[in-house]
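For reference, the structure discussed in these notes is given below.
Throughout, read-outs are computed from the coordinates displayed, never taken from laboratory work. No experiment lies behind these values; they were computed from the predicted model shown. Cβ sites come from the backbone with ideal geometry, for glycine too, and all protein chains shown count toward neighbours.
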């Protein structure tokens with residue numbers, strides 16, 4: 001009886017562990033285009049951490065898009 005209970009607990013633990021979402025352990029990397037925009041001062045980031053993959057995954061507001069477009073236009077005309 002004890003063996004069946006232990007087997008049931010182990011099977012339940014294995015089932016729970018396999019059903020958990022896998023954590024993403026990739027480093028926080030950004031594309032070379034984003035790095036270029038960061039170096040030109042077009043993208044600044046949301047806080048002290050600067051331009052991160054999490055920052056880039058958010059959609060910009062209309063005001064942010066306007067500021068980015070003006071920054072690109074200014075960078076092209078210098």
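Kirkwood radius, the range 25-78, all distinct C-alpha pairs, inverse of mean reciprocal distance: 11.9 Å.
Treating r as the C-beta distance of residue 36 and residue 62 and R0 as 25 Å, the FRET efficiency rounds to 0.60.
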